[in-house]
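**Student:** Please read through the structure below; I'll follow up with questions.
The values are calculated or read from the model by the stated rules, or taken from the named source; none is laboratory data. The shown structure was predicted, so the numbers you read here are calculated from the model rather than taken from an experiment. Every residue, glycine as well, gets a Cβ built from its backbone with ideal geometry; the counts of neighbours run over all protein chains shown. Each accessible area value is taken on the protein alone, full model and side chains, heavy atoms only, with ligands, DNA and RNA left out. Shrake-Rupley method; radii C 1.70, N 1.55, O 1.52, S 1.80 Å.
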Amino acid sequence: MKALVIIDYVNDFVADGGALTCGQPAQEADDYIAAAAADFSKDGNFVVIASDNHQKNDRRSPEYRLFPAHCIEGTAGSELYGKTREAVRKVPEDLLIRSDKCRYSAFAGTHLDIKLRERGITDLYLTGVCTDICVLHTAVDAYNLGYTLFICEKGVVSFNPEGHRFALSHMKNILGASVI
Ligand code: ZN
């Protein structure tokens, strides 16, 4: 089984005025990610929403020592962006896996691995932001857990073009991911 994984495609990382926004390049991936969510669910495949979700003054998270406050639970900043949000609303509940996270990797401190395994999911198609931060860290953990990785090049974005290129080449050459 396969799953589309939408990483951190939320207002604080994507929308104008988001706390840590990647801005326009991220917004340009909206059509691609929304269409992918529709396609995956139409074919009976799964859609994973792996979004940052922090408590206010989240002193436990090391990210909070490095970045300004973002993705506070219950705020608009923590909600999915744009057309992707609408597309995910239409995904049947039994094909949707929600996995809030508070670290870069979608696997760190979450139940995502068991949620994937109990559904027989072996192939992960990664989208979202940022290519060289949360996408990369999720890919590293997925690699170590034995998943087959596909990186959707039109669906991953970073504010840092150099980091984006490095992460794509690292995931391809070192993690054995297929960049599609
Ligand atoms: Zn965070």
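**Student:** Going by average Cβ neighbours within 10 Å, how do the peptides 100-107, 62-69 rank, with the highest at the top?
**Tutor:** Highest to lowest by the protection proxy: 100-107, 62-69.
**Student:** Calculate how many DSSP beta bridges within the stretch 2-179 are antiparallel, expressed in % of all such bridges and rounded to the nearest 5.
**Tutor:** Bridges in the stretch 2-179 that DSSP calls antiparallel: roughly 5 percent.
**Student:** Let me ask something else. Out of residues 5 or more away from residue 101 or on other chains, whose amide H comes under 5 Å of its own, with H placed 1.01 Å from N in the peptide plane?
**Tutor:** The answer is 51, 52, 53.
**Student:** Mind checking the dipole of the stretch 2-179: about its Cα centre, +1 per Lys or Arg Cβ, -1 per Asp or Glu Cβ, Debye to the nearest 20?
**Tutor:** In debye, rounded to 20, the stretch 2-179 gives about 320.
**Student:** Using a 1.4 Å probe on the protein heavy atoms, what percent of the accessible area of the stretch 11-139 belongs to carbon and sulfur? Walk me through the numbers on the way to the answer.
**Tutor:** Working: 3050 of 6130 Å².
Carbon and sulfur atoms account for 50 percent of the accessible area of the stretch 11-139.
**Student:** Let me check I've understood the local charge: for residue 58, count other residues with C-beta under 15 angstrom from its C-beta, Lys and Arg +1, Asp and Glu -1. What total comes out?
**Tutor:** With Lys, Arg at +1 and Asp, Glu at -1, the neighbours total +1.
**Student:** Please report, in whole Å, how far the alpha carbons of the stretch 1-147 spread along each principal axis, starting with the longest.
**Tutor:** 38, 30, 25
**Student:** Then there is this: Mind ranking 26-37, 121-132 by how tightly packed they are, going by the mean number of other C-beta atoms within 10 angstrom, highest first?
**Tutor:** Details: 26-37: 20.7, 121-132: 23.3.
Averaged packing, sorted descending, gives the order 121-132, 26-37.
**Student:** Given a Förster radius of 30 Å and the C-beta distance between residue 31 and residue 65 as r, what FRET efficiency does 1/(1 + (r/R0)^6) yield to the nearest 0.05?
**Tutor:** After rounding to 0.05, the efficiency reads 0.25.
**Student:** A follow-up question, please. In whole Hz, what ³J(HN,Hα) sequence does the stretch 147-161 give by Karplus (6.51, -1.76, 1.60; θ = phi - 60°), x for Gly and Pro?
**Tutor:** Listing the rounded values in order: 7, 8, 10, 10, 10, 7, 4, 6, x, 10, 9, 9, 6, 10, x Hz.
**Student:** Amide H to amide H under 5 Å from residue 178: which residues, 5+ apart in sequence or cross-chain, H placed 1.01 Å off N in plane?
**Tutor:** Excluding prolines and chain starts, which carry no amide H, the hits are 149, 150, 151.
**Student:** Which whole-number value in Å² is the accessible area per residue of the stretch 2-179, probe 1.4 Å?
**Tutor:** Heavy-atom accessible area per residue stands at 47 Å².
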